[in-house]
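> One structure, pasted below without further comment.
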Amino acid sequence: MTTERTYIMIKPDGVQRGLMGDIIKRFEQKGFKMVAMKFMQPSEKLLSEHYADLSKKPFFPGLVKFMATSPVCCMVWEGQGAVATGRQMLGETDPAKSKPGTIRGDFCIHIGRNICHGSDSVESANKEIALWFKPEELVDWTPTEQQWIYE
Ligand code: RTP
Ligand code: MG
């Protein structure tokens, strides 16, 4: 069975709007396995590292400032195709281009308030998981429903 993992983070707008439960529920009901979760106030330093690839973009300073305005909910979800499927579940970066049924398509409107982050490749997922979590925070467990989710 695959152990592909993705880093999903509910952003300050998702937290402030009370959407944490709705977002967690979608990953849970899809069949992905939660490996780690924590609620924390991130520093601008940590967020700058997280979004380092975007550091040359004009929106970078505003993005980092916004992301530090409130706590975020950091999660690791595991399962077959977790990275690509996680991105599909989120929808497009711009909620206006996101289909109904996706998280961004259903819950938000503006690109700068798109409520949730998801890793864009297996490589960035591994980097992000290592940035946000200590190895001992990743929980090793077997959900009893696994045999009903995978053939
Ligand atoms: P994320 O990393 O947050 O999951 O978003 P993403 O992959 O869909 O998009 P990315 O290119 O990584 O951009 C990170 C976040 O920056 C904001 N953004 N604003 N004003 C703009 O043109 C613009 N472009 C991106 C968005 O909040 C995006 O999620
Ligand atoms: Mg991204």
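The values are calculated or read from the model by the stated rules, or taken from the named source; none is laboratory data. The structure displayed is predicted, hence computed values, not measured ones. Here the Cβ positions follow ideal geometry from the backbone for every residue, glycine too, while neighbour counts run over all protein chains shown.
> Going by the conditions given, is residue 11 within 18 Å of residue 120 (Cα to Cα), surrounded by fewer than 19 Cβ atoms within 10 Å (Cβ to Cβ), of a type in the set (Lys, Arg) and within 16 Å of ligand 2 (Cβ to nearest atom)? Give the derivation first.
Working: within 18 Å of residue 120 (Cα to Cα): yes; surrounded by fewer than 19 Cβ atoms within 10 Å (Cβ to Cβ): no; of a type in the set (Lys, Arg): yes; within 16 Å of ligand 2 (Cβ to nearest atom): yes.
Considered against the rule, which asks whether it is within 18 Å of residue 120 (Cα to Cα), surrounded by fewer than 19 Cβ atoms within 10 Å (Cβ to Cβ), of a type in the set (Lys, Arg) and within 16 Å of ligand 2 (Cβ to nearest atom), residue 11 comes out as no.
> While we're looking at this one, here's another question. With a cut-off of at least 1 residues that are among the β-branched types (Val, Ile, Thr) and closer than 23 Å to residue 5 by Cβ, name the strands (runs of 3 or more DSSP E) lying wholly within segment 20-127. Break it down into steps so the answer makes sense when it comes.
Working: elements: 33-40, 72-78, 116-118.
Fully inside segment 20-127 and qualifying: 33-40, 72-78.
> Out of segment 104-151, which residues are closer than 21 Å to residue 50 by Cα, in contact (Cβ under 8 Å) with a residue 60 or more places away in the chain and among the aliphatic types (A, V, I, L, M)?
Hits for segment 104-151 are 115, 122, 125, 129, 131, 138.
> Let me ask you something else. Please pick out the residue among 100, 71 that is more than 15 Å from ligand 2 (Cβ to nearest atom), of a type outside the set (A, V, I, L, M, F, W, C) and over 25 Å from residue 138 (Cβ atoms). Even if it seems obvious, please write down each step before you answer.
Details: 71 fails: over 25 Å from residue 138 (Cβ atoms).
100 is the lone residue from the list that is more than 15 Å from ligand 2 (Cβ to nearest atom), of a type outside the set (A, V, I, L, M, F, W, C) and over 25 Å from residue 138 (Cβ atoms).
> Any residue at all in segment 132-151 that's within 12 Å of ligand 1 (Cβ to nearest atom) and either in a loop (DSSP other than H, G, I, E, B) or surrounded by fewer than 15 Cβ atoms within 10 Å (Cβ to Cβ) (or both)? Spell out the reasoning first.
To start, the set of residues in segment 132-151 that are within 12 Å of ligand 1 (Cβ to nearest atom) comprises none.
No, every residue in segment 132-151 fails to be within 12 Å of ligand 1 (Cβ to nearest atom) and either in a loop (DSSP other than H, G, I, E, B) or surrounded by fewer than 15 Cβ atoms within 10 Å (Cβ to Cβ) (or both).
> The conditions are (1) surrounded by 15 or more Cβ atoms within 10 Å (Cβ to Cβ); (2) over 14 Å from residue 76 (Cα atoms); (3) of a type in the set (D, E, K, R), and residue 30 fails exactly one of them. Which is it?
In the conditions (1) surrounded by 15 or more Cβ atoms within 10 Å (Cβ to Cβ); (2) over 14 Å from residue 76 (Cα atoms); (3) of a type in the set (D, E, K, R), residue 30 misses (1) alone.
> Still on this model: If a residue has to be away from ligand 1 (no atom under 11 Å from the Cβ) and surrounded by 14 or more Cβ atoms within 10 Å (Cβ to Cβ) to count, how many in segment 103-121 make the cut?
From segment 103-121, those away from ligand 1 (no atom under 11 Å from the Cβ) are 105-107, 109; that's our starting set.
Next cut, surrounded by 14 or more Cβ atoms within 10 Å (Cβ to Cβ) only: 105-107.
Count: 3.
> Kindly check whether there is at least one residue in segment 26-43 that is farther than 15 Å from residue 12 by Cα, within 14 Å of ligand 2 (Cβ to nearest atom) and at pLDDT 95 or above.
Step one: of segment 26-43, the residues farther than 15 Å from residue 12 by Cα are 26-37.
Narrowing further to those that are within 14 Å of ligand 2 (Cβ to nearest atom): none.
Looking for residues that are farther than 15 Å from residue 12 by Cα, within 14 Å of ligand 2 (Cβ to nearest atom) and at pLDDT 95 or above, one finds none in segment 26-43, hence no.
> Tell me which residues, restricted to segment 98-138, are of a type in the set (A, V, I, L, M, F, W, C) and farther than 19 Å from residue 25 by Cα. Give the derivation first.
Going through segment 98-138, the residues of a type in the set (A, V, I, L, M, F, W, C) turn out to be 103, 107-109, 111, 115-116, 122, 125, 129-133, 138.
Once the filter is applied, which keeps residues that are of a type in the set (A, V, I, L, M, F, W, C) and farther than 19 Å from residue 25 by Cα, segment 98-138 yields 109, 111, 122, 125, 129, 130, 131, 132, 133, 138.
> Specify which of the listed residues (95, 100) is of a type outside the set (S, T, N, Q), without any contact (Cβ under 8 Å) to a residue 60 or more places away in the chain, farther than 19 Å from residue 128 by Cβ and crowded, with 16+ Cβ neighbours inside 10 Å. Explain how you work it out, then say what you get.
Details: 100 fails: crowded, with 16+ Cβ neighbours inside 10 Å.
Exactly one residue qualifies, and that residue is 95.
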